[in-house]
Amino acid sequence: QVLLVESGGGLVQAGGSLRLSCAASGSIFSINVMSWYRQAPGKQRERVAEITSGGRTNYADSVKGRFTITKDNAKDTVYLQMNSLKPEEAGVYCCHSLDDRNCNYWGQGTQVTVSS
């Protein structure tokens, strides 16, 4: 079992930055991949970025060069640094993990609002 708790959301002006955090606890040794997803009203949930246990990263094309996903193994925390935010990138950002048994875990989400 893995518990994920996000923080760091808030209100930012277009062009601004936010850093989201996802603290993991429980069977974290079993996690293979951790990801950030965005759920915007009326839109499909979208995977924004992911990082593997080996540190390999992948990003949605729309955020490449502006968002950075990192992890701090000592703190069992994954971060998403978001720069040059756009109004259409507002939504609930959820942390997700996939373990070595292909079990999915989700955090409760953190709201990001981007004003134009």
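A few comments on the model shown:
- Search result, residues across the range 85-116 that are surrounded by fewer than 17 Cβ atoms within 10 Å (Cβ to Cβ) and of a type in the set (G, A, S): S115, S116
- Qualifying residue in the range 3-18 (condition: assigned to a strand (DSSP E or B), touching a residue at least 12 places away in the same chain (Cβ under 8 Å), open to solvent by less than 70 Å² (accessible area, probe 1.4 Å) and more than 18 Å from V112 (Cβ to Cβ)): no
- Considering each residue of the range 75-95 in turn, at least one proves to be farther than 18 Å from R19 by Cβ and either of a type outside the set (G, A, S) or in a strand (DSSP E or B) (or both).
- Checked against (1) under 27 Å from V114 (Cα atoms); (2) open to solvent by 60 Å² or more (accessible area, probe 1.4 Å); (3) modelled with pLDDT under 95, T68 meets all criteria but (3).
- Looking across the range 19-37, the residues that are in a strand (DSSP E or B) and touching a residue at least 60 places away in the same chain (Cβ under 8 Å) come down to R19, L20, C22, A24, I31, N32, V33, M34, S35, W36.
- Cross-chain or 6+ apart pairs with Cβ under 7 Å, the range 96-109 first and touching a residue at least 60 places away in the same chain (Cβ under 8 Å), then surrounded by fewer than 18 Cβ atoms within 10 Å (Cβ to Cβ) and of a type in the set (G, A, S): D99/S27; D99/S30; D100/S30
- Of all the residues in the range 12-53, those that are at pLDDT 95 or above and small (G, A, S) number 9.
- Qualifying residue in the range 55-63 (condition: in a helix (DSSP H, G or I) and either in contact with an Asp or Glu (Cβ under 6 Å, 6 or more places away or on another chain) or not acidic (D, E) (or both)): yes
The values are calculated or read from the model by the stated rules, or taken from the named source; none is laboratory data. Remember, predicted model here, so these are calculated numbers, not experimental data. Because the Cβ atoms are built from the backbone with ideal geometry, glycine has one as well, and the counts that use them run over all protein chains shown. The accessibility values were calculated without ligands, DNA or RNA, using every heavy atom of the protein model including side chains. Shrake-Rupley method; radii C 1.70, N 1.55, O 1.52, S 1.80 Å.
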